[in-house]
1. Scanning for something under 60 Å from the mean Cα position of the chain (by Cα), part of a helix (DSSP H, G or I) and at pLDDT 80 or above, does region 40-54 turn up at least one residue?
2. (1) loosely packed, with under 11 Cβ neighbours inside 10 Å; (2) modelled with pLDDT of 80 or more; (3) more than 15 Å from Val251 (Cβ to Cβ): which one isn't true of Glu169, the others all being true?
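The values are calculated or read from the model by the stated rules, or taken from the named source; none is laboratory data. As the structure is a computational prediction, the values presented were derived from the model and not from experiment. Cβ: placed from backbone, ideal geometry, glycine included. Neighbour counts: every protein chain shown.
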Amino acid sequence: MKKLIMIIAGVAMLGAVVVGVINKNDLAAVVAELEDTKVKVRDATEKLGAAEDKRDENIEKETQAKDGRNQAAAAVEGVKQNLKIVERSLADVDSELKKVEIEQKEIDLAIKKVFPDNQFKTPEELEMTLTMLKDALAEKQNTKAELNAQLTSASQAKQVQVAKVKEEEKAQFERAQKLSLNSLIATVIAVNGDWGFVMVNAGRAHGVTADASLLVKRGEQRVARLRIVNIEETMVVADVIDGAAVSSLKVQPGDKVIFENTH
């Protein structure tokens, strides 16, 4: 674009010179001036080419500089990553060193236990010491086995005793229930004459069992004997098994019921 402008300017200058020559009718002057213009145009063109070359060179240098900066940045990032890897490796090494230090202390303590006076023994003495330690360990293991056997025996004996105690407790409880039942006096709360059964206000909650014998009394008179046919928590249903047919007395609500022959 700049070359085109220079050429146009040169042509314009040449036209101006031609017009001037025609006006002056001086051909020699025109030729001389034209040559001078050509030289000027040539110089300007050369300068313009040099400037463009220099510009291209500067652009190339700038591109190279950018590439260099990018490469340098990539190299710096790589160094940072390598540095992180090295730091992690150093942390691992520190951890391993700490483990080694702990193991060394444990070894020192073990050695101090075996050699409290820091006097190291000969291999024969060490072997003898090792044998003594093995014998002591075997003795301890035997003692442990004996104690475990004694513990097992004691545990079994304890279980037997516990079972006996539980059986005794059960027997005492049943005995207490029976004693309580022997002293229990319930009441007839309903009578069904058609079907011959009565309802009594005592049940499992009072210690009544299905094999209990029930005697109905009115005052000091015996009215009938009952047999339990159904038992609930606080009530039993019983059949009249004797007395109803041979006695003039009939079981009535309000009659007392005694639980007898409960041992």
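1. Pass one, region 40-54, residues under 60 Å from the mean Cα position of the chain (by Cα): none.
No, region 40-54 contains no residue that is under 60 Å from the mean Cα position of the chain (by Cα), part of a helix (DSSP H, G or I) and at pLDDT 80 or above.
2. That leaves (2) as the condition not met.
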